[in-house]
Amino acid sequence: MLISVKTDTWDYDIVLEEGALGRIGEILELGRRALIVTDSGVPSEYSELVAAQCAAPTVVTVPQGEQSKCFVELERLLSEMLDASFTRGDCVVAVGGGVVGDLSGFAASCYMRGIDFYNIPTTLLSQVDSSIGGKTAIDLNGVKNIVGAFYQPKKVVIDPAVLKTLERRQLMAGLAEAIKMAATSDAELFEAIERSEDLNADLAEIIHRALMIKKSVVEQDVHETGLRKVLNFGHTIGHAIESFNGGRLLHGECVALGMLPMCSREAAARIEAVLKKYGLPHETEQSPAQLMPYLLHDKKMGTDGISCVLVNEIGSFELKKMTAQDVLKRLEGER
């Protein structure tokens, strides 16, 4: 399946195909130098399979986890390209989850002011969300995604077959992002996730429908000036929880926790039931006071507050400007 994404800065295709990794040389333009970036948690056979189909591959494996989204690893990738005499005609290929995609995409955007970037997401979270839309970033001083750029990939290749090696916790963390999109934008998809009796059998359809939501939003608002903020549902509180925990919780788990306070009681009850069904966390351990410093440093925070996404009814949303204190009241149970 080919899904075309058209933006005002760059058009690209998403290839959604079982077994696509085995013919990546046909799908991508790899007859040149390619920096293949993966992490220690991704089965090495994936990057090796991609490298075998490249004319001149350089494979770099960063440590698994959010801590790799840092200046040290960014400098490492840029140095590898420089040492290998990469030119503007060469490319970066991310083979991994959101951390690898964010880091690799940012490196591609920086090197020689921008070279081609391909994204091959290997987690459900990155397949349904972070690999599409051109957001690239690293973290700084414990604040998530505070340094980065909008940089669209040349192509995204999604192979659902790679999810078979994903541990269940990672799979469920990815499902949280699909739940997020369904809660704001697709009541039928939410109900399908709610009622699913065989998630593995339903995954391909869930991925496709989540991609169509993300595609529609990104095409209408590339730089997150309006509609695209809907994709931040659960992220304002979720990022604060993630930063406070220093990587102990997965990104999708933090988003799951971040959704509940930003809903009506009726919508929160349905979301909480779905989170419980799939073994996702549904109770926040941190106090509002502990999360406050991270809310104040959220990159979406402006002088007049932060644009938050509220869900009062499943399948629809409201954008509302809120102060950090308003968000804390939500955390304390005031709606």
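The values are calculated or read from the model by the stated rules, or taken from the named source; none is laboratory data. A quick note: this is a predicted structure, and the numbers were derived from the prediction, not measured. Please note: Cβ atoms are built from the backbone with ideal geometry, for glycine as well, and neighbour counts cover all protein chains shown. Accessible surface is based on the protein model in full, side chains and every heavy atom, while ligands, DNA and RNA are left aside. Shrake-Rupley method; radii C 1.70, N 1.55, O 1.52, S 1.80 Å.
Can you give the relative contact order of segment 136-224 as a percent, counting alpha carbon pairs under 8 Å and 6+ residues apart? Don't skip to the end; give the middle numbers.
Values: 42 pairs, mean separation 15.9, N = 89.
Relative contact order of segment 136-224: 18 percent.
Of 69/215; 154/276; 180/329, which sit over 29 Å apart, Cα to Cα? Walk me through the intermediate numbers first.
Working: 69/215 25 Å; 154/276 38 Å; 180/329 21 Å.
Pairs exceeding the cut-off: 154/276.
Share of the chain's accessible area from carbon and sulfur, percent, 1.4 Å?
Details: 6890 of 13780 Å².
About 50 percent, which is the carbon plus sulfur part of the accessible surface.
Please go through segment 7-56 and write out the chymotrypsin sites (Phe, Trp or Tyr not before Pro) that DSSP classes as loop and that have at most 15 other C-beta atoms within 10 Å.
Numbers: sites: 10, 12, 46; in loops: 10.
Hits after loop and neighbour filter: 10.
Which of the trypsin sites (Lys or Arg not before Pro) found in segment 204-265 are loop residues per DSSP with 13 or fewer other Cβ atoms within 10 Å of their Cβ?
248
Solvent-accessible area per residue for segment 44-124 at a 1.4 Å probe radius, Å²?
Details: 3120 Å² over 81 residues.
Accessible area per residue: 39 Å².
Given contacts defined as C-alpha pairs under 8 Å and at least six residues apart, what's the relative contact order of the chain, whole-number percent? Could the numbers behind the result be given before it?
Values: 645 pairs, mean separation 48.8, N = 335.
Relative contact order of the chain: 15 percent.
So how far, in whole Å, is the C-alpha centre of segment 1-77 from the one of segment 237-252?
Here the answer is 25 Å between Cα centres.
Pick from 85, 126, 316 the residue whose mean-square fluctuation is largest in a GNM of the chain, springs joining Cα atoms under 10 Å.
The residue with the greatest mean-square fluctuation here is 85.
So, in nm, how far is label residue 18 from label residue 216 when the simple model puts each one 7 Å beyond its Cα toward the Cβ?
If labels sit at residue 18 and residue 216, their model points lie 2.7 nm apart.
Considering the values [x] 23.7; [y] 20.0; [z] 20.6, which represents Kirkwood radius over Cα pairs in Å as calculated for the structure under consideration?
[y]
Could you tell me the calculated FRET efficiency between residue 320 and residue 187, based on Cβ-Cβ distance and R0 = 35 angstrom, to the nearest 0.05? Present the calculation step by step, with values, prior to reporting the outcome.
Working: r = 20 Å, r/R0 = 0.58.
Working from the Cβ atoms, E equals 0.95.
Of the candidates 84, 94, 34, which one comes out as most mobile in a Gaussian network treatment of the chain with C-alpha springs shorter than 10 Å?
Among 84, 94, 34, the largest GNM mean-square fluctuation belongs to 84.
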